[in-house]
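Report on one structure; see the data block that follows.
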Amino acid sequence: MVIFSFKSCFSIVGKIKKTDKFNVNYHIMEEKNIVSRIWFLDTVHVDKRSSVHTQTVVVSSYSKEYCQNEIVYIKEGVSDILSPIKVSNFDILFN
């Protein structure tokens, strides 16, 4: 099994009051390919594999940059493990 990791980060620009607290939901997925080569482990259901990784981050006034290490698995049977895998831009939804 081939595994790689990358760091996903986003930052908040502007003023955040000390009392402000909100959730940011973000999704990471492989850019459209004929056949998807990667999967993410579902953090809730450990035996479930998904081609989209969704994470919720609680944003507060204490930090304006948020980073998370992401682990990606190459699907079994994929022979091309050297070509770049492009990940689409983050889709950030504010709650």
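The values are calculated or read from the model by the stated rules, or taken from the named source; none is laboratory data. Predicted, not measured: the structure shown is a model, and the values here were computed from it. FYI the Cβ positions are ideal-geometry reconstructions off the backbone, even for glycines, and counts take in every protein chain you see.
Rundown of residues vs (1) modelled with pLDDT under 80; (2) farther than 15 Å from residue 85 by Cβ; (3) hydrophobic (A, V, I, L, M, F, W, C), yes/no style:
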{"site": "1", "(1), (2), (3)": "yes, yes, yes"}
{"site": "14", "(1), (2), (3)": "yes, yes, no"}
{"site": "17", "(1), (2), (3)": "yes, yes, no"}
{"site": "66", "(1), (2), (3)": "no, yes, no"}
In the list 61, 79, 83, which residue meets the criterion of being surrounded by 10 or more Cβ atoms within 10 Å (Cβ to Cβ) and either under 21 Å from residue 14 (Cα atoms) or modelled with pLDDT of 80 or more (or both)? 61
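Being under 22 Å from residue 78 (Cβ atoms), modelled with pLDDT under 75, charged (D, E, K, R) and out of contact with any helix residue (DSSP H, G or I) (no Cβ under 8 Å at 6 or more places or on another chain) narrows it down to one residue among 32, 48; which is it? Quick ask: steps written out before the conclusion?
On the way: 48 fails: modelled with pLDDT under 75.
The match here is 32.
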Please enumerate the residues belonging to the stretch 25-57 that are touching a Lys or Arg at 6+ places or on another chain (Cβ under 8 Å) and charged (D, E, K, R). 30, 31, 37, 42
Matching residues in the stretch 62-85 (assigned to a loop (DSSP other than H, G, I, E, B) and of a type outside the set (A, V, I, L, M, F, W, C)) number 10
When you scan the stretch 45-60, do you find a residue that is over 16 Å from residue 7 (Cα atoms) and in contact (Cβ under 8 Å) with a residue 40 or more places away in the chain, even just one? yes
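Report, by residue number, each residue of the stretch 65-76 that is closer than 14 Å to residue 10 by Cα and exposed (fewer than 14 other Cβ atoms within 10 Å of the Cβ). Give the steps one after another, and end with the answer.
We begin by selecting, within the stretch 65-76, every residue closer than 14 Å to residue 10 by Cα; these are 65-70.
Of everything in the stretch 65-76, those that are closer than 14 Å to residue 10 by Cα and exposed (fewer than 14 other Cβ atoms within 10 Å of the Cβ) turn out to be 65, 67, 69.
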